[in-house]
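The structure under discussion appears below in the form of structure tokens.
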Ligand code: FE2
């Protein structure tokens with residue numbers, strides 16, 4: 001089946017095309033956040049402006065004509081309302097014009113499923129880490145929904161790193177700047193908060209911000225990153241032991257971090273657990289992961305009626321049924 005997926009939950013407008021479970025195109029256009037952050041109406045305007053071009057680029061990359069598309073997927077949520085609306089509108093228009101079925105997709109499910117696909121995993125513990133999210137999850141085969149085993153009790157690890165980078169006048173590039181500056185740093189003790197399989201980041205962030213100007217920036221970046229990732233690893237290790245799972249994946253924007261993957265690989269090898277993840281292009285927000293999940297939904301007969309297609313800004317992953 002040839003399925004086109006649209007992702008528009010935040011600053012990325014992404015379009016992916018999947019054919020029988022394999023990604024054949026993954027194009028995107030990203031709103032530049034700069035130092036001013038994201039004004040939802042401006043990002044939505046950006047998405048509306050680039051939508052046609054990104055869809056065209058994806059079709060060209062895949063070498064298919066729009067009339068050959070057999071199904072449409074779109075991000076239902078979670079995300080920014082105005083941005084999700086643009087993706088929904090584009091998806092509904094295509095599904096109506098082409099007269100093909102449409103499937104709404106949970107953004108977090110898509111991140112996990114694409115990591116499973118590329119990591120060649122069947123039933124892993126998933127560490128989902130992005131700007132707004134940090135969760136440890138496992139699929140419950142009875143309800144076919146992901147269960148949240150642990151999660152951040154305040155902010156996502158990506159937002160924490162980004163907020164620190166902004167305060168330190170570093171380039172706010174989703175933690176990648178922190179990772180670059182961290183090289184050559186030495187460890188200094190920082191607040192570390194893990195509660196069972198949950199964790200918090202605001203105490204760590206406040207402490208690190210207060211040290212700006214007092215300690216070397218390399219040491220601060222190194223210690224902040226090591227502490228945050230160690231917290232994620234401890235909670236993930238607990239989830240592995242509790243579930244006796246022998247597979248682990250990491251996904252979401254922060255899964256692009258080389259250091260986090262290094263630490264998780266060590267943890268997995270310690271527990272003789274298979275560790276996998278997607279290439280970085282599929283850890284960042286992308287349309288291919290939406291197309292991938294939509295194809296599974298459509299193939300298993302779970303299309304949504306066009307009139308019933310909506311968005312849900314706070315679409316929790318445990319409320320989304322998974323079709324494998
Ligand atoms: Fe995401």
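The values are calculated or read from the model by the stated rules, or taken from the named source; none is laboratory data. Being a predicted model, the structure only gives us computed values, none of them experimental. Heads up, the Cβs are rebuilt from the backbone with ideal geometry, glycines too, and the neighbour counts pull from every protein chain shown.
Looking only at the stretch 159-168, decide whether some residue is closer than 18 Å to residue 136 by Cα, modelled with pLDDT of 95 or more and touching a strand residue (DSSP E or B) at 6+ places or on another chain (Cβ under 6 Å). Show your work before the answer.
Taking the stretch 159-168 and keeping what is closer than 18 Å to residue 136 by Cα, we get 159-160.
Those left that are additionally modelled with pLDDT of 95 or more: 160.
Checking which are touching a strand residue (DSSP E or B) at 6+ places or on another chain (Cβ under 6 Å) leaves us with none.
No, because not a single residue in the stretch 159-168 is closer than 18 Å to residue 136 by Cα, modelled with pLDDT of 95 or more and touching a strand residue (DSSP E or B) at 6+ places or on another chain (Cβ under 6 Å).
Tell me the residue from 160, 188 that is in contact with a helix residue (DSSP H, G or I) (Cβ under 7 Å, 6 or more places away or on another chain), without any contact (Cβ under 8 Å) to a residue 40 or more places away in the chain and not in a strand (DSSP E or B), please. First the steps, then the outcome.
Numbers: 160 fails: without any contact (Cβ under 8 Å) to a residue 40 or more places away in the chain.
The conditions single out 188.
Go through (1) more than 16 Å from the ligand (Cβ to nearest atom); (2) touching a residue at least 12 places away in the same chain (Cβ under 8 Å); (3) assigned to a loop (DSSP other than H, G, I, E, B) for residue 95 and report which single condition fails.
(3)
Is at least one residue of the stretch 302-321 crowded, with 24+ Cβ neighbours inside 10 Å and farther than 27 Å from residue 100 by Cβ?
No: zero hits.
Wholly within the stretch 1-76, which strands (runs of 3 or more DSSP E) include no fewer than the required count, namely at least 2 residues that are surrounded by fewer than 24 Cβ atoms within 10 Å (Cβ to Cβ) and within 16 Å of the ligand (Cβ to nearest atom)? I'd like the intermediate steps shown before the answer.
Working: elements: 2-7, 12-19, 22-30.
Those strands (runs of 3 or more DSSP E) span 22-30.
Identify all residues within the stretch 171-187 that are at pLDDT 95 or above and surrounded by fewer than 17 Cβ atoms within 10 Å (Cβ to Cβ); write none if there are none.
186, 187
Is there a residue being touching a strand residue (DSSP E or B) at 6+ places or on another chain (Cβ under 7 Å), within 14 Å of the ligand (Cβ to nearest atom) and in contact (Cβ under 8 Å) with a residue 24 or more places away in the chain anywhere in the stretch 254-272?
Looking through the stretch 254-272, at least one residue is touching a strand residue (DSSP E or B) at 6+ places or on another chain (Cβ under 7 Å), within 14 Å of the ligand (Cβ to nearest atom) and in contact (Cβ under 8 Å) with a residue 24 or more places away in the chain.
Might you check whether a residue that is in contact with a helix residue (DSSP H, G or I) (Cβ under 6 Å, 6 or more places away or on another chain) and closer than 16 Å to residue 101 by Cβ occurs anywhere in the stretch 291-301? Before the answer, list the steps.
Filtering the stretch 291-301 for residues in contact with a helix residue (DSSP H, G or I) (Cβ under 6 Å, 6 or more places away or on another chain) gives 292-293.
Then drop every residue that is not closer than 16 Å to residue 101 by Cβ, which leaves 292-293.
Scanning the stretch 291-301 turns up at least one residue that is in contact with a helix residue (DSSP H, G or I) (Cβ under 6 Å, 6 or more places away or on another chain) and closer than 16 Å to residue 101 by Cβ.
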